[in-house]
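Single-structure report; data block below.
Any read-out appearing in this document is the output of simple, stated calculations on the displayed coordinates, not a laboratory observation. Here the structure is a predicted model, which is why all the values come from computation and not from measurement. Cβ placement follows ideal geometry from the backbone for every residue including glycine, while neighbour counts extend to all protein chains displayed.
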Amino acid sequence: MANQNDFLGSLAQNSISFATTFAVTANPGQNFENVILYVGSGEAIVASGTTGLYFPTLSGVAPTVGSLYTLNGNNYGTQVGGALLAWATEFFSGNNNLSNVYVSVYDDSSTAGDTTFPAAAITALGVQYQATKMNAYFKLITVSTVAAQLALAQLCQTDITLLSQAWIPSNDANLLTMGGSTIAAQCKNAGYDAVVIYSANTIPAGTGTVLVNGALVQLGLSLGYVNSSGFSVGNSLDMLQTGIVGPSGAGNTSLTATQMANLATINVGYFLYIGNTTGYVCLRGGKSVLGNLPGANWVTTFIDYMSAVSTATYLTQFNRFKNNTTYQAILAIVINYLNLFVGIGRLTGAAITAPAWTVAQGLSNGQTIIIPNAWTATFNDNVRNVTVNGTLYISAS
């Protein structure tokens, strides 16, 4: 019988290690192509009969704490309204209906009239995070205060090599001057490796407007294409053209050169025109606030995850003994997943560098196989700058 959460406590999790441990969905690897939004129960209720409902089917009643809604390209228009509908539309407009957006409801009753996101709210968010973290690798929170965003970034940091990457949209103008109180500065100071994307603009949402969610715009695009690996994993996380949003400056105008340089300095992404007269923009980003490459984390975590699941499947067949045959089979699993990303150009030079079985056997003990320095590869990031020099020869008259 299929069980989408059967990885927890399983052989693959407890007895097989590819540098990390994981929780698994019904289709292994699908969680790396999904997004989850954490929404407060009180935040999600609007008076019945208005066009601003987060959940039209609830008729103005707060959603139950612990509820998990699954949005896809076919149902999101009827499942959510208001801000959630606006944000879901941003995501699915570029996604080609390949991913799910999960909406997880946490208890935000402690935040009434409080913009600091108190300890009780952090605890409540943590409860839902732990219950749903296996559903989606990319995680966002709908509250736009720094305190709430920081709480999610902290939760994801404990899981960053496992199941999570925090993406944070922001319209805080202090980012443009590299202010010390911004979410980027707070995350960096705390060592939380979130991805932050700036836009000053808003979009219609029910009877009002909400912040452009640049994180969902980009993730919708990045997750909307199945590459030759059979997944969307490994796709570009920036530098993809889109007409869904405008440049990040106020009123959909271009940021100044100084503002763009400042955002680049603090590793905050922003949208700018491509410059080909289409009006299309692209996200200029590609780094976390700590200066790491979220795309590299995405790929390597997926390789570890899938290798662990496949190895557990292999070892639970008949007569998988501790010998060279089993050793080579495990290495074959690893190179298979590495080659998926060689095929799309994300990795080059992928090779198995593990020692011979006679050496590894001496390092292993009991029922355990230890494989030191099993593989190596080079991660290829996006091209973001091009300089072309040329020479024009002029004939002397």
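Data overview
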quantity: Spatially proximal lysines relative to K188 (Cα-Cα < 29 Å; intrachain offsets below 8 disregarded); calculated: K133, K139, K287
quantity: Per-residue Cβ neighbour rank within 10 angstrom, fewest leading, L263, L11, L331; calculated: L11, L331, L263
quantity: For M178, M134, order by how many other beta-carbon atoms lie within 10 Å, fewest first; calculated: M178, M134
quantity: Under 5 Å, built H, 5+ apart or other chain: amide partners of A205; calculated: V210
quantity: Most mobile listed residue (V309, V299, V359) in the chain, GNM with C-alpha springs under 10 Å; calculated: V359
quantity: Between the stretch 333-355 and the stretch 148-190, the Cα center-to-center distance that results, in Å; calculated: 32 Å
quantity: Answer label for Rg and Dmax of the Cα atoms in Å (calculated), chosen among [x] 21.3, 67; [y] 24.8, 73; [z] 23.0, 86; calculated: [z]
quantity: Ranking of R346, R384 by count of other Cβ atoms within 10 Å, fewest first; calculated: R384, R346
quantity: Built amide H within the under 5 Å cut-off of I141, gap 5+; calculated: Y38
quantity: Residue among Q241, Q130, Q317 with the largest mean-square fluctuation in a Gaussian network model of the chain, springs linking Cα atoms under 10 Å; calculated: Q317
quantity: Mean Kyte hydropathy of 0.0 or more with a Cα span along the axis of at least 27 Å, helices from DSSP in the chain; calculated: 294-315, 324-343
